[in-house]
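In what follows, a structure is listed as structure tokens, so that the remarks can point back to it.
The values are calculated or read from the model by the stated rules, or taken from the named source; none is laboratory data. All values derive from a computational prediction rather than experimental measurement. Please note: Cβ atoms are built from the backbone with ideal geometry, for glycine as well, and neighbour counts cover all protein chains shown.
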Amino acid sequence: MTYRLKKLYKVIAVLGVLIASPSSAHATVNIFACTPEWAALAEDIGGAHVKVKAATTAQQDVHHIRAKPSLLAAMRQADLVFCTGASLEIGWLPILVKKAGGPNVQPETEGWLMAADYVEKIGMMEHADRSMGHVHPEGNPHIHLNPHNILTIAEVLSTRLALIDPDHRADYQANFARFSDAWDKNIVTWQKQGAMLNGQKFVVYHNAWAYLLQWLNMDAAASLEPKPGIPPSAAHLEKLLTTLKGQNVRAIIVTPYENRKAAEWLSTRLNIPILDLPFTVGGNTEATNLTRLFDVTLGTLTAQKVHKNE
Ligand SMILES: [Zn+2]
């Protein structure tokens, strides 16, 4: 037998093994990411070995998503479900996983990664009932606007991808190392830039900003929602107007998907600006990736002069 022929036989034998056990090597890891920030992180850490489906856009309120057929189809393909957890997607993710998720992406499996499980959460509650509004008893799930949390989750994700797709372990580790180096430097820059926000008062619509505020030691003066998940009422806004007058509130922060009416009402009467922040990747045309998301957020928050109420 010639060398060439031997080599051909070997190739055929290898192909046979691959066909017989298709799970032994992943061509591509299909990642179902619930929100744009996790989709962006999955692209950064997964690189060429992953295909990412973002279930929502920055213009959608992730608390309220419909389990529509396109999401079921994406879930059917998933090798990894990468979401926030802590009940953020409780209204739709469990339905999708139950109806369309394979055995490898069920809760407690390798293919199930809930970011909020890996960071310290604000406002964990022992008791929560309906009278408190739409609260998250496992703590505030809006964890992604503290960049330290992003780094923690990036590392968890790289480890998880290496488990699911061991052939590319070295690549996932290298991608994380590169991400981590750049991110550490960015955090230093952002913290320097954000130092002027220390102690400054902000009004938010929903406490989706809690981790950003805590990270930069900003002061959450009030929420436009009377209770989490309950839309602003006239009575609540009147009360805010009275309590916030003369308090040197710097701005009202809103996400791309929140109704601006209440913010505008209060903004006019208190003579304070509304800051439209991207909230997540794709929230405006400049916030094209995770780094840009923080660049734009810090840039917008610090561009404005310190406001003094009369
Ligand atoms: Zn929420």
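Any residue at all in segment 149-157 that's assigned by TED's automatic domain parsing to the domain that holds Met114, in contact (Cβ under 8 Å) with a residue 40 or more places away in the chain and within 16 Å of the ligand (Cβ to nearest atom)? Break it down into steps so the answer makes sense when it comes.
Restricting attention to segment 149-157, the residues satisfying the condition of being assigned by TED's automatic domain parsing to the domain that holds Met114 are 149-157.
With in contact (Cβ under 8 Å) with a residue 40 or more places away in the chain added as a condition, the list becomes 149-150, 153-154, 156-157.
From what is left, the residues that are within 16 Å of the ligand (Cβ to nearest atom) are 149.
For segment 149-157, residues assigned by TED's automatic domain parsing to the domain that holds Met114, in contact (Cβ under 8 Å) with a residue 40 or more places away in the chain and within 16 Å of the ligand (Cβ to nearest atom): present.
So which residues in segment 166-198 are in contact with a Gly (Cβ under 9 Å, 6 or more places away or on another chain) and either touching a residue at least 60 places away in the same chain (Cβ under 8 Å) or over 21 Å from Phe82 (Cα atoms) (or both), if there are any at all?
Going residue by residue through segment 166-198, those that are in contact with a Gly (Cβ under 9 Å, 6 or more places away or on another chain) are 168, 171-172, 174-175, 193.
His168, Asp171, Tyr172, Asn175, Gln193, listed by residue number.
Would you check which residues across segment 199-216 are away from the ligand (no atom under 16 Å from the Cβ) and touching an Asp or Glu at 6+ places or on another chain (Cβ under 9 Å) and list them?
Within segment 199-216, Gly199, Gln200, Lys201, Phe202 meet the criteria.
Quick grid of which residues meet (1) in contact (Cβ under 8 Å) with a residue 60 or more places away in the chain; (2) among the β-branched types (Val, Ile, Thr); (3) assigned by TED's automatic domain parsing to the domain that holds Arg260; (4) more than 28 Å from Phe294 (Cα to Cα):
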{"position": "Leu41", "(1), (2), (3), (4)": "yes, no, no, no"}
{"position": "Gly46", "(1), (2), (3), (4)": "yes, no, no, no"}
{"position": "Val52", "(1), (2), (3), (4)": "no, yes, no, no"}
{"position": "Arg66", "(1), (2), (3), (4)": "no, no, no, yes"}
{"position": "Ala86", "(1), (2), (3), (4)": "no, no, no, no"}
{"position": "Val97", "(1), (2), (3), (4)": "no, yes, no, yes"}
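Among Asn284, Asn289, Asn259, Asn248, which is the only one that is on the phi > 0 side of the Ramachandran plot and outside the structural domain of Trp183 (by TED's automatic domain parsing)? First the steps, then the outcome.
On the way: Asn284 fails: on the phi > 0 side of the Ramachandran plot; Asn289 fails: on the phi > 0 side of the Ramachandran plot; Asn259 fails: on the phi > 0 side of the Ramachandran plot.
None of the other options fit; the residue is Asn248.
Consider segment 76-117. How many of its residues are crowded, with 22+ Cβ neighbours inside 10 Å, in a helix (DSSP H, G or I) and either over 20 Å from the mean Cα position of the chain (by Cα) or within 16 Å of the ligand (Cβ to nearest atom) (or both)?
Qualifying residue count for the region: 3.
Please work out which residue is surrounded by the fewest Cβ atoms within 10 Å (Cβ to Cβ), limiting yourself to segment 134-187 and to residues that are more than 17 Å from the chain's Cα centre (by Cα) and modelled with pLDDT under 95.
That would be Pro137.
Tell me which residues, restricted to segment 265-275, are closer than 13 Å to Thr255 by Cα and in contact (Cβ under 8 Å) with a residue 24 or more places away in the chain. Before the answer, list the steps.
Going through segment 265-275, the residues closer than 13 Å to Thr255 by Cα turn out to be 274-275.
Answer for segment 265-275, where residues must be closer than 13 Å to Thr255 by Cα and in contact (Cβ under 8 Å) with a residue 24 or more places away in the chain: just Leu275.
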